[in-house]
There are 2 protein chains.
Amino acid sequence: MNQAILLKNRPEGKPQLSDFEFTKEDQPEDQDGEVLLKSKYVSVDPYLRGRMRDVESYIDPFKLNEPLESNIVAEVISSKNSNFKEGDFVHGMLKWKEYQTSDGKGLNKVDEDKASLSAYLGILGLTGLTAYISLDKIGDLKKGETLLVSGASGAVGSTVGQIGKIKGCRVVGIAGSDEKLELMKEKFGFDEGINYKSTEDMAEAIASTCPNGVDVYYDNVGGEILDAAMNNINKDGRVINCGAISLYNETEPQTGPRYEGIFVKKTVKMQGFLVRDHVKEFGPAIQQLTKWLNEDKLTYSETVVEGFENIPQAFIDLFEGKNKGKMVVKIY
Amino acid sequence: MNQAILLKNRPEGKPQLSDFEFTKEDQPEDQDGEVLLKSKYVSVDPYLRGRMRDVESYIDPFKLNEPLESNIVAEVISSKNSNFKEGDFVHGMLKWKEYQTSDGKGLNKVDEDKASLSAYLGILGLTGLTAYISLDKIGDLKKGETLLVSGASGAVGSTVGQIGKIKGCRVVGIAGSDEKLELMKEKFGFDEGINYKSTEDMAEAIASTCPNGVDVYYDNVGGEILDAAMNNINKDGRVINCGAISLYNETEPQTGPRYEGIFVKKTVKMQGFLVRDHVKEFGPAIQQLTKWLNEDKLTYSETVVEGFENIPQAFIDLFEGKNKGKMVVKIY
């Protein structure tokens, strides 16, 4: 029997295990033009929380009692589609099922010799693409500038910081444990780190680690950390809104300080970013990221959870900050 | 004797007449290399409120007990500077004095045949330049899009709306009286208007006047009107922060709803604008504005207050919305 994970309830606040349901179904078979896929690595991402709400957004909400989906690396088990053959690895937006069939649309082949399979869910997948393309389109980093990154030990944040260093910036990261700060500095080459959980005055901490102010703030979290960054933003500063994980589980609208005065006086630019809007730039971006990876200018970390049955818990753990870098689930 | 207006107190909240002081001084005389100027039209602008605070900003604060300054059109009464001759008209950042001398730096000659003298403080001055350059740099208006403008009957707002119509947009303006809405629609060609003083639910009023949502919101006011606009912003919407008059007189930091979620989901761009950063583009912008003016594609309104002694009151009246279009003071 084939296992699948359905959305049972739309979470209220923080997602719970009881919001997910495991079901069994007959083993699928590939028909003409189809491939049969076995899931190997499943990506769990904060943005999936948004799809669990029944509201209009940039991507359709998940339906109740239907399988969830995310980016998955899968192996072709058998093929009746001439573009794929048994033993190929592919990635694409696939269902949370052990086995599934696909007509091949939206599947991209993966080259295991260039990078590990899970890298295609992270540094060479949407997270790496997000970091690279958003910095390119909005950040406009210049040598010598100061780049501040929140969620800095995460998959996107750690890549953003490394690209900042490649571009010759001072890079300061914000994360939630001293262990994560250590990782940022030792592994990813950040210049300084701030532990937001043990810091009382974030604005002051940013001021002291960014003595020349903040030229670009890369925001993965929103909320009070964004406020503190705005208090330190330079003239012509840029803020990239890539996520707001601090707000995703809030059930009531949140309030915060008004920034209008800062926007005008400092001529700040703030811009939201969704990697899906930039599919045309994926090719050259992956090329550049692969080059940096092979030149050892770029590295990544991932938290690999094992077992299909642990996908929901791995997703929930994202909101506890239990991952270091990209969170993936390995399926045997 | 020559009259001047000094900043006596830094205003707390709304500026008062008692914050200003009139003084008399000897009539100035032009020395070698100088011109003697007689003020003809004095511009009063909301941004001057910011210079009355003793805080670091994009422009130095006014000093206590020294003359205030703003953009002024003046007549050359006598000249010992070969670039200017008696009878020339010039404009530039000048002191609030009846007469003053200048070494000519920062003075621009004004052609009375091309437009009226006061136009050089408005449609062909910083307000027209602000509207034109900010829309060009940030707005990126496309034919058929919806442009929402606050402070819409004001000097910048009414020019923004007209440029929106020239570009083929649906243009909706927000202002504080039915008389102003009438002016916007009849004189400036706005498609629709919203009276924010008589409207309870601004978000709903915007939704009904902008049935296709808001593609560009041109914000001169900040605060709750910005909130209502953000609730109606479209995917890839742009917000130009050109001013925040609703907050200028606040003595405490203000709070409001958090927009992070909207920024990410709608990939909104919000950007502050200061015309002083774009001096290089003034030439071509004035050329385009003059062309539209002479083709009758652009018009303007101004509120002309008469008499040097009324400059402080005219400035104070800006915050009561007593002006329609550019507020200038005519000096005899």
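Just so it is clear, none of the values below were taken in a lab; they were calculated from the coordinates. From a predicted model like this one, the values you see are computed outputs, not experimental measurements. Heads up, the Cβs are rebuilt from the backbone with ideal geometry, glycines too, and the neighbour counts pull from every protein chain shown.
Annotations for the structure displayed:
- Packing around the peptides B:127-139, A:61-73, taken as the average count of other Cβ atoms within 10 Å per residue, puts them in this order, highest first: B:127-139, A:61-73.
- Taking a ≥ b ≥ c as the square roots of the eigenvalues of the Cα gyration tensor, an a/c ratio of 1.5 or more together with a/b no larger than b/c marks the stretch A:237-332 as oblate.
- Relative contact order, percent, chain A [alpha-carbon distance under 8 Å, six or more residues apart]: 18 percent
- The mean number of partner chain beta-carbon atoms within 10 angstrom of a residue's beta-carbon across peptide A:267-279 is 5.
- Inter-copy spacing of B:Ser198 label points, which lie 7 Å from Cα along Cα→Cβ, given in nm from shortest upward: 6.2
- For the stretch A:17-30, the Karplus equation 6.51 cos²θ - 1.76 cosθ + 1.60, evaluated at θ = phi - 60°, returns couplings of 4, 5, 7, 10, 9, 8, 10, 10, 9, 5, 4, x, 10, 7 Hz by residue, with Gly and Pro reported as x.
- Overall dimensions of chain A, expressed as equivalent-ellipsoid semi-axes from the Cα gyration tensor (√(5λ), whole Å, largest first), are 36, 22, 17.
- Within the shell defined by Cβ-Cβ distances under 13 Å, the residues around A:Ser150 carry a net charge of -2, with Lys and Arg each +1 and Asp and Glu each -1.
- Acute angle (nearest 10 degrees) that the helix B:282-294 long axis makes with the longest principal axis of chain B, alpha-carbon atoms: 80 degrees
- For the stretch B:319-331, putting each phi into the Karplus relation 6.51 cos²θ - 1.76 cosθ + 1.60 with θ = phi - 60° gives couplings of 7, 9, x, 7, 8, 10, x, 5, 8, 10, 10, 8, 10 Hz, in residue order, rounded to whole numbers and with x for Gly and Pro.
- Largest first, the extents of the alpha carbon coordinates of the protein assembly as shown on the three principal axes equal 98, 50, 41 Å.
- Each Lys and Arg Cβ is given +1 and each Asp and Glu Cβ -1; about its Cα centre, chain B then shows a dipole of about 920 debye.
- Close amide-amide hydrogen proximity is noted between B:Ile174 and B:Val149, B:Ser150, B:Gly151, B:Ala152, B:Ile194, each under 5 Å apart and 5 or more residues distant or on a separate chain (H modeled in the peptide plane; Pro and chain starts excluded).
- Between 0 and 90 degrees, the angle of helix A:155-166 with respect to the longest Cα principal axis of chain A falls at about 50 degrees.
- Local charge for A:Pro15 was computed over the other residues whose Cβ lies under 12 Å away, with Lys and Arg +1 and Asp and Glu -1, and equals +2.
- Cβ-vector label at 7 Å, B:Thr299, separations to other copies in nm: 6.9
- The Cα-based radius of gyration of the stretch A:32-137, divided by its Kirkwood radius, gives an Rg/Rh of 1.00.
- Dipole of chain A, positive end: most advanced residue of A:Ser70, A:Ser246, A:Gln27 [Cβ charges, Cα centre]: A:Ser246
- Count Lys and Arg as plus one, Asp and Glu as minus one, and take only other residues whose Cβ is under 14 Å from that of B:Val328; the net charge is then +1.
- Placing unit charges on the Cβ atoms of the charged side chains and taking the dipole of chain B about its Cα centre, the candidate lying farthest along the positive direction among B:Ile166, B:Val90, B:Leu289 is B:Ile166.
- A protection proxy built from the mean count of other Cβ atoms within 10 Å ranks the segments A:142-155, B:5-18, most packed first, as A:142-155, B:5-18.
- Distant-in-sequence amide H partners of A:Thr303 (H built 1.01 Å from N, under 5 Å): A:Lys324, A:Lys326, A:Met327, A:Val328
- Segments B:229-237, A:240-248, A:23-31, B:292-300 sorted - mean Cβ within 10 Å per residue, highest first: A:240-248, B:229-237, B:292-300, A:23-31
- Intensity falloff of the stretch A:126-276 expressed as log10 I(q)/I(0), Debye formula with alpha-carbon point scatterers, at q = 0.10, 0.12, 0.21 Å⁻¹: -0.29, -0.43, -1.45
- Value at 222 nm in deg cm²/dmol, rounded to 500, when DSSP H runs of n ≥ 4 in the protein assembly as shown each add -39,500 (n - 2.57): -7000 deg cm²/dmol
- A simple charge model with +1 on the Cβ of Lys and Arg, -1 on the Cβ of Asp and Glu and nothing else charged puts the dipole of the stretch B:1-97 at about 380 debye relative to its Cα centre.
- Here is how far apart the A:Gly168 label points are across copies: 4.2 nm, shortest first, using a point 7 Å from Cα toward Cβ.
- All Cα-Cα separations within the stretch A:1-76 were binned at 5 Å from zero, giving a P(r) of 3, 13, 20, 24, 19, 12, 7, 2, 0, each value a whole percent of the pairs.
- For the stretch A:126-276, averaging the sequence separation of C-alpha pairs within contact (under 8 Å, six or more residues apart) and dividing by the residue count gives a relative contact order of 22 percent.
- Computed from label points 7 Å out along Cα-Cβ, the spacing between A:Asp54 and A:Asp136 is 4.0 nm.
- Partner shielding of A:94-103 amounts to 0, given as the average count of beta-carbon atoms from other chains within 10 Å of each residue beta-carbon.
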